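Data first, discussion second: the structure below is written as structure tokens.
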2 protein chains.
Amino acid sequence: MELPEAKQKFIEAWGKLGSEWGINRTMAQVHALLLVTSTELTTEEIMESLSISRGNANMTLRDLMGWGLVEKLHKAGERKEYFFADKNTWNIARQVAKERRKRELEPVMKILDELVKVKGDSKDPEFATFNKSVTDINKMAKNVDKTLETMLKAEENWFWGSIFKMFK
Amino acid sequence: MELPEAKQKFIEAWGKLGSEWGINRTMAQVHALLLVTSTELTTEEIMESLSISRGNANMTLRDLMGWGLVEKLHKAGERKEYFFADKNTWNIARQVAKERRKRELEPVMKILDELVKVKGDSKDPEFATFNKSVTDINKMAKNVDKTLETMLKAEENWFWGSIFKMFK
DNA sequence: ATAAACTTTCAATATATTTTGAAAGTTTAA
DNA sequence: TTAAACTTTCAAAATATATTGAAAGTTTAT
């Protein structure tokens, strides 16, 4: 397989994975493109390369910057903005974990905390079932949250090393 | 907050979280409804309770059974099918992890394995960048895969116990 | 000030996903 | 059989999400 075809395959695969995980396909594709490109790219080049419109490219790049996955730089004497992605996979994973935790896990945990407090007759099977499910899910959410917190603080080797210890 | 309102809130929250993670909202809501209901429910009751059509209820329940999150049972002397959800949170997490691993991680890993093999001139920055990104992502994917495998085999206490050791 | 170079916005449009509901299919009891 | 009770299917409709592109906005150089 030649490099351009391989890049194309990577962009497609990353786009598909992204869309399966609630990240818009174009956003994942722009990210993928920047990951496999050694130079910084302009909006123009990204539009061209992925056949997307200016508006789409602009919004997507802003989103990616909002996620902390892409940065822009200005070259001396030029007015165009150049974009590049952090290529450190560990940073990418941490950044995604950080954002999703904030955007999705936190709001759900807030609701669960409310629901755990709901009082009722523990003899009532409906209440008992509700209470058990909500309490259990709340505990798991807290475990996930703590694990993510650890991951955010951790160095890559330490983190995977710890995971591997689980295999004994 | 009263129980019916609390159930409603839970169903909404679970539906929202699901849709942010690539699981269709209705599917997550039906699952949530079954999680907080002590009795088995018929298609009719689920349709009624969530205001969804028969077709939608039927397809969603089949999907949930496909994910291994819901089962049906037949009551003696009755023709209707009754549905209920496994209420063990750890089982739910494992089941979801298992399915998504098979449906999403495996196909991506297959592509990454191909892309890692692509040969090129290591003096060419374009090739070097491509190769590094793909190789790094492949490694992380393999780590995630192994962690999931461990999780699938593990008992709940052992798994979270191991995670907690990470905090020292 | 002006205009060229560039970026951002957003209403309109296109695309993708989900839902409906009525018809077709299946099973069971009599 | 037949018919009632129930489940499944799927084309059409509704809804939600993503994309376009031209106009408006901004910045910089002259």
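General remarks:
- Test item: Cα-centred dipole of the protein assembly as shown, Lys/Arg +1 and Asp/Glu -1 on Cβ, debye: 760
- Region B:1-46, Rg to Rh (Cα coordinates; Rh as Kirkwood inverse mean 1/r): 0.99
- A viscosity of 0.692 mPa s and a temperature of 37 °C, combined with the Kirkwood radius over C-alpha pairs in the Stokes-Einstein formula, give region A:89-165 a diffusion coefficient of 229 µm²/s.
- Area hidden from solvent between B and A (accessible, protein heavy atoms only, 1.4 Å, total, Å²): 5100
- Minimum Cβ-to-axis distance in chain A for the rotation onto chain B, with residue, whole Å: A:G22, 3
- Rounded to the nearest 10 degrees, the angle from helix B:54-66 to the longest Cα principal axis of chain B is 50 degrees.
- In plain terms, the bigger the Kirkwood radius, the slower the diffusion; for region B:3-85, with that radius from Cα pairs, at 10 °C and 1.306 mPa s, Stokes-Einstein puts D at 124 µm²/s.
- For residues of A:6-15, the mean tally of beta carbons on other chains within 10 Å: 5
- Straight-distance crosslink candidates among aspartates and glutamates, where the alpha carbon sits under 15 Å from A:K102 and sequence neighbours closer than 8 are dropped: A:D145, A:E149, B:E20
- Averaging Cα coordinates gives a centre for region A:11-55 and one for region B:113-168; these two points are 22 Å apart.
- Pairs spanning more than 18 Å between alpha-carbon atoms, out of A:K117/A:K142; B:K117/B:K139; A:K9/A:K72: A:K9/A:K72.
- Sites excluded, chymotrypsin sites (Phe, Trp or Tyr not before Pro) in DSSP loops with at most 16 other C-beta within 10 Å, longest stretch of chain A: A:22-166
- In degrees, nearest ten, helix B:156-165 long axis to first principal axis of chain B (Cα): 40
- Using a Gaussian network model of chain B in which every pair of alpha carbons under 10 angstrom is joined by a spring, one finds that among B:G77, B:G22, B:G68 the greatest mean-square fluctuation is at B:G77.
- Taking other residues whose beta carbon is less than 10 angstrom from the beta carbon of A:F84, and scoring Lys, Arg as +1 and Asp, Glu as -1, yields -1.
- Residue-normalised accessible area of the protein assembly as shown, expressed per residue, 1.4 Å probe, Å²: 54
- Across peptide B:36-46, the average count of Cβ atoms from other chains found within 10 Å of a residue's Cβ is 2.
- Overall Cα dimensions of chain B, principal axis frame, Å, largest first: 72, 42, 35
- Working from Cα pairs under 8 Å separated by at least six residues, relative contact order for chain B is 14 percent.
- Burial of accessible area (probe 1.4 Å, heavy atoms of protein chains only) in region B:84-99, relative to its chain alone, reaches at least 30 Å² for B:K87, B:T89.
- B:A154 label point (Cα plus 7 Å toward Cβ) to equivalent points in the other copies: 1.0 nm, shortest first.
- Distances between copies of B:R103, taken at a point 7 Å out from Cα along the Cα→Cβ vector and listed shortest first: 2.0 nm.
- Accessible surface of region A:46-168 [probe 1.4 Å, protein heavy atoms]: carbon and sulfur percent: 53
- Inter-copy label distances at A:K123 (7 Å, Cα→Cβ; nm, one decimal): 8.6
The values are calculated or read from the model by the stated rules, or taken from the named source; none is laboratory data. Quick caveat: nothing in here was measured; it's all calculated off a predicted structure. Ideal geometry is used to build each Cβ from the backbone, glycine not excepted, and the neighbour counts take in all protein chains shown. Remember, those area values only see protein heavy atoms, side chains included, never the ligands or the DNA or RNA. Shrake-Rupley method; radii C 1.70, N 1.55, O 1.52, S 1.80 Å.
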